[in-house]
1. Taking the Cα centre of the range 174-267 as the origin and placing charges on Cβ (Lys, Arg +1; Asp, Glu -1), which of 209, 263, 183 is farthest toward the positive end of the dipole?
2. Hey, what's the range 1-144 come to in accessible area per residue, 1.4 Å probe, Å²?
3. Each label point is 7 Å from the Cα along the Cα-to-Cβ direction; what then is the distance between the points at residue 53 and residue 5, in nm?
4. In Å and from the alpha-carbon atoms only, list the Rg and Dmax of the chain.
5. Rounded to a whole number, what % of the accessible area of the chain do carbon and sulfur atoms account for, probe 1.4 Å?
6. In angstroms, what radius of gyration and Dmax does the range 83-239 have, counting Cα atoms only?
7. Please report, in debye to the nearest 20, how large the charge dipole of the chain is about its Cα centre when each Lys and Arg carries +1 at its beta carbon and each Asp and Glu carries -1 there.
8. Of the listed pairs 91/262; 39/98; 235/262; 28/235; 212/242; 229/262, which have alpha-carbon separations greater than 27 Å here?
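The values are calculated or read from the model by the stated rules, or taken from the named source; none is laboratory data. For clarity, every value in this text was computed on a predicted model and none was experimentally measured. Cβ placement follows ideal geometry from the backbone for every residue including glycine, while neighbour counts extend to all protein chains displayed. Remember, those area values only see protein heavy atoms, side chains included, never the ligands or the DNA or RNA. Shrake-Rupley method; radii C 1.70, N 1.55, O 1.52, S 1.80 Å.
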Amino acid sequence: NDTIKSNTTLFDDMTIKDNVKLIIDRGKYYTIRDTVTLKGTGFITGAGYLNTEQNGTINITYWNQSVFKGRQVNNPKIIWGRYPTSGTVTKYRIFRAKGNNQFIQIAEVDSTKRQYIDSTTIIYDRPEANLTYADYYVRAVYQPSGNAPLSTSTNSNIIRYDMVDGIAPDKLAMSNTEIITEYKLEQNYPNPFNPTTVISWQSPKGSHQTLKVYDILGNEVATLVDEYKESGRYKVEFDASKLASGVYIYRFSAGNYVDVKKMIVVK
């Protein structure tokens, strides 16, 4: 048992034995650059943050001790170990509850990804008015064997960020009186542009959404969104600094809804 009391980097493999806890103090970062193996109920916890950006990997034993708190600038970054199964994992689903609200699914990622940044939630480092907390857990979707139907795992452990406001700068919050009744993809602005522009859209219900950019020949040049999103209004900035001048197409899809629009890069 040990406590990380200052920003620390682990440069080598490490095993955390059964019944042992590694605790990260509030506001501190523990960066792992190799492999950490958790044996039995060995776990990494605390009010601080785990960082796996430098090729860090976590091997877990139990799914109910598999999810860890990370942070990407001011957003929660949910990190988890591979779901332990002899079958094939196909995707992971991320769930969130804010305050006393019920858990809802906020994202779905494929099995190659074991982290998710919640860009719609902002972390605060000191108490302020009107803050709440956000809890998260993850479920795995997997195929037990052969042609067996897909199964969904039980919930992972729950992690909590205890000072968040829940409103991100890239999401336009709805007022209590506004009800969105239709999908809509806006024309990017500015247009023409160099090198950046903003694309906005709205959706009346939660769904898996994609926003991709193609050149005039139909070749995909960028994926801006590919995840589950709740109902609401959204916007994303597109940086075309690496693209040549010309006409490009952006395509938005959510459920059965699909829309495309043109934009022009001028250099």
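1. 263
2. Numbers: 7150 Å² over 144 residues.
Result: 50 Å² per residue.
3. Using points 7 Å along Cα→Cβ, the separation is 2.6 nm.
4. Final numbers for Rg and Dmax: 20.6, 60 Å.
5. Here carbon and sulfur together make up 46 percent of the probe-accessible area.
6. 18.2, 53
7. Magnitude of the dipole: close to 180 debye.
8. 91/262; 39/98; 28/235
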